Each structure stands twice: as C-alpha cells, then as structure tokens.
Amino acid sequence: MNQRPIGVFDSGLGGLTAVRQLRRLMPSENIIYFGDTARVPYGNRGRETLLKYARQDLRFLRSFDLKAVVIACGTVSANCLEELRRESAAPVTGVVEPAVERAAAATRSGKVGLIATRASVGSGAYERAFRRLDPALEVRALACPLFVPLVEEGRCRPGDVVIETVAREYLAPLRETGVDTLVLGCTHYPLLREVIGAVMGPDVTLIDVGQEAANLPGPAGGGGRPGGPSGGLGPVLYQRPGGEFPAAGLPVPGRGGRGRGGTGGHFSILMMMEKEIILFVRGEQTYDSDSPEVTELATEGRMTMDNGEITLTYQESELTGMEGTTTRFTIRGDTVTLERTGMVVSRMEFKQGERSSSLYETPWGTMVVDVATTRLAHRLTERGGVLEIAFTIAVNHQVTGENRFKIRVKEMTR
Ligand code: DGL
C-alpha cells in the first residue's frame, strides 16, 4: 500500500466529520488533518481571503508529501476548488459535487434544501452543481452563519437552548417549502445532525457533505470499501496556535496530547503556524581590537512554528553583501542552525559553549569555518521576539574575529 498520507483540511474542527468517515472506510491510511482554528470561521470571508487562507493551509499540508488532498470545507470547496486543483500535484477532492449527487439521487419530490455558510451559498456552487445534474430540481439555499461559531464553541447538543433556538429560526422557512432532502453543505453541520433533524422532522433525508466526499472512489476517497487491514497511525491533527479544538461535540476525544480516537487510531494534536514577519537583523563583526563592523537589515520574512521547532527565513540583500541568498535560522531546543542557500551556501550550528565546523561555499571559493558559540539566547513566540547569537569564528583555521547577531522579529500586520 502507498503509505503517503492523505491531507485533509478545514477552517476548524468540522472537517473531522470527513476524517471520521475516511477512517471508517480506510483504517490503514495515514491522515494528516489541519484545522485553521485560529482563523475560523471562514464562512463570512471574501473569495480572495478564502483563496489566500486555503493556499496557506495547503502549503503546510504539502510538506508531508501527500498522495491526495480532501478539502473538508464546504466554503473553500465552493469558492476555490478549481484554483487549488490546478495548483496541486496531488489529486484534490472537494465536498460539493459528491453531496449534490447523493441528494439528487435521494429526493423523491424534486425539492431539495441546502444549508451552508454565507460564502458557500453566495458562491452559487451548490446550485450550479444541481443544475448540471438535473435542471428540473427545485433547490432552496439558505445561509446559517451562526452555526459554525456555535459548533466551535461546543454548543451542538440537543437540549442546548441557544443552538435549538437558532436552528428553529433559521430552518423555519425551509420547513415550509416542503423539501424532502437537505444538504448539510458545511462540514461543521453534521455535528448538529440531531438538532437539525429534530427541527426538519423524520421525513427529511439529511446529506452530510464530509461523509459523501470520503465515500468517493479514488486515491482520497474510501470508495465504499469498508474494512481492510488496520494499522495506520490514525489522523495526526494540526492547528494554528491561538485556536484550539474544543472538547465538546468532537469526533475525536479531546484537546492536546496523545490519545485514542473514537475511530480506534492514535492521534496527536500538534501546533503549527506560518506567518509573515518583519526581521531587523543587526550583525556585528569585530576583527582584532578594531571597533565592530555593523550591518543592519530590515526585511520581510516568514516564521514557522511546528511542534517546538521555530524557523525564521528571509532573503539577504546587497546591504549584507549576500544578495541572491536565502537565510534560514532553525531553533530547536538549545541549538540554532544557520543555513544559507543561493549565492552563498553554508550551514553553521550554534550551541552555547560548543564548537562546530562546516564548509562555507561562496562564488570566490570554499572555506572551512569553525564557530565557537559564546552566547545564545532567544525569546520567540508566535507574536515575535528576539534571537541573539555571539560566536568567535575561524576561517580555514585562522581566527578572524567575533561575530554577534541580534535579530528582532515582529509579526507583520497588514
Ligand atoms: N467547515 C466549514 C465549511 O464546510 C466551515 C466554514 C467556516 O469556517 O465558516 O464550510
């Protein structure tokens, strides 16, 4: 079996309803799930913003060498599927078409309801898909913008007066139209299945978008083949810091740490984020007892935080004499690695009180560089902070002086 994972993402926890079905159908697949919990909800955002967020979500998932992607978000599927498909090497499945096909097959009266986020309904994607399939169907679409925030708050159980009141208000006009099939066009909504079912009544068939997408044949879908040998790792869940998977109403057991999922697989929730930053880089080089030579650079860059590892990446410029070079600091525990690629290629490792040796390739030749770290300190959070490194440096075994980096990182606000 191809062990490369399937990547699944959503704005929050809703897409786990698709993961639940994937796990049921394909227990031995490895699944990486990303929930953009810090930026949920997506459903009231414009198309450009959705595309930007979805591309960032996918860029993170792609670092896992995926064999397939499931966009377990109705809002992103309805608004961005074509672009994301064009840009992805791995096959991409959205949730709109599979649910529409199932609903068209299920309806007897030809009257179908669709509830989804504002951005999904506004895109018209569900209605277009129904029209392509059967122009005679009568489709009533309704946006329910409060459902996602309430689900994320864990307010999804029958008996919760807030969700029950909101559901009755939203769904009353649909009830009156006499639809016999209702597409839950947002992957958060299956968590409200009981509440919605109680309002709509037992004669209305509810179609779950995440489940239908997971049923699809092909590399990402389970193809309706339940069973198969177990032994996959179970979904690994990632979220942005600042958000969290709430405990209530989840098809997974809770927040943080490792545990056993309701589907039987191990899972872990790890922190990941990637953001645009501004770096103020001050470098000092002191040769002999001369006063230090100072370079200062303010530049845009990127910061990632992934399970304790922090990276800072930026482009050098003519100010530092290394134009055409990408610099990356990777901070892992008490060790910092400085890697340069492009015009200059180097890799240096810093750990307080320790020495390390490496090669430094420049257009003018290759040198052996030994560094001895005298000071290393960092205070970095996802909001920014400072990284300081001081070291003596020897080039081709000749000590050339003392170097000091002080890098201030600020998150970029646009
Ligand atoms: N689960 C997402 C969807 O399917 C929710 C969108 C949102 O965050 O508003 O549309």
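It is to be established whether one or more residues within the stretch 77-100 are among the β-branched types (Val, Ile, Thr), over 20 Å from Gln21 (Cβ atoms) and out of contact with any strand residue (DSSP E or B) (no Cβ under 6 Å at 6 or more places or on another chain).
Looking through the stretch 77-100, none of the residues is among the β-branched types (Val, Ile, Thr), over 20 Å from Gln21 (Cβ atoms) and out of contact with any strand residue (DSSP E or B) (no Cβ under 6 Å at 6 or more places or on another chain).
Which residues, counting only those in the stretch 28-43, are assigned to a loop (DSSP other than H, G, I, E, B) and either within 13 Å of the ligand (Cβ to nearest atom) or out of contact with any Gly (no Cβ under 6 Å at 6 or more places or on another chain) (or both)?
Asp36, Thr37, Ala38, Arg39, Val40, Pro41, Tyr42, Gly43
For the stretch 134-167, give me each residue that is away from the ligand (no atom under 15 Å from the Cβ) and touching a strand residue (DSSP E or B) at 6+ places or on another chain (Cβ under 9 Å).
Hits for the stretch 134-167 are Leu137, Glu138, Val139, Arg140.
List pairs: first residue in the stretch 394-414 and within 21 Å of Leu380 (Cα to Cα), second residue surrounded by fewer than 14 Cβ atoms within 10 Å (Cβ to Cβ) anywhere in the structure, Cβ distance under 6 angstrom, at least six positions apart or on different chains.
Cβ pairs passing all conditions: Arg408/Val386; Glu411/Arg383; Met412/Glu276.
Inside the stretch 110-124, can you point out the residues that are within 10 Å of the ligand (Cβ to nearest atom) and within 14 Å of Ala167 (Cα to Cα)?
Matches in the stretch 110-124: Ala116, Thr117.
Find the strands (runs of 3 or more DSSP E) located wholly in the stretch 157-268 whose residues include 3 or more that are surrounded by 13 or more Cβ atoms within 10 Å (Cβ to Cβ), in contact with a helix residue (DSSP H, G or I) (Cβ under 9 Å, 6 or more places away or on another chain) and at pLDDT below 95, and list them.
none
Filter the stretch 20-54 for residues that are among the hydrophobic types (A, V, I, L, M, F, W, C) and farther than 20 Å from Cys80 by Cβ; which is modelled with the lowest pLDDT?
Among those that are among the hydrophobic types (A, V, I, L, M, F, W, C) and farther than 20 Å from Cys80 by Cβ, it is Met26.
Being over 15 Å from the mean Cα position of the chain (by Cα), of a type in the set (Ser, Thr, Tyr) and within 16 Å of the ligand (Cβ to nearest atom): is that true of Thr17 here?
Criteria met by Thr17.
Out of everything in the stretch 44-53 that is assigned to a helix (DSSP H, G or I), surrounded by 15 or more Cβ atoms within 10 Å (Cβ to Cβ) and within 12 Å of the ligand (Cβ to nearest atom), what residue ends up being nearest to the chain's Cα centre (by Cα)?
The residue in question is Tyr53.
Within the stretch 379-390, identify whether any single residue is farther than 24 Å from Ile278 by Cα, surrounded by 14 or more Cβ atoms within 10 Å (Cβ to Cβ) and touching a strand residue (DSSP E or B) at 6+ places or on another chain (Cβ under 9 Å), and answer yes or no.
Looking for residues that are farther than 24 Å from Ile278 by Cα, surrounded by 14 or more Cβ atoms within 10 Å (Cβ to Cβ) and touching a strand residue (DSSP E or B) at 6+ places or on another chain (Cβ under 9 Å), one finds none in the stretch 379-390, hence no.
From the set of residues in the stretch 54-102 that are within 16 Å of the ligand (Cβ to nearest atom) and of a type in the set (Asp, Glu), which is surrounded by the fewest Cβ atoms within 10 Å (Cβ to Cβ)?
Result: Glu97.
The values are calculated or read from the model by the stated rules, or taken from the named source; none is laboratory data. Bear in mind the structure is a predicted one, so any value in this text is a computation, not a measurement. Neighbour counts are summed over all protein chains in view; Cβ atoms, including those assigned to glycine, are modelled from backbone coordinates with ideal geometry.
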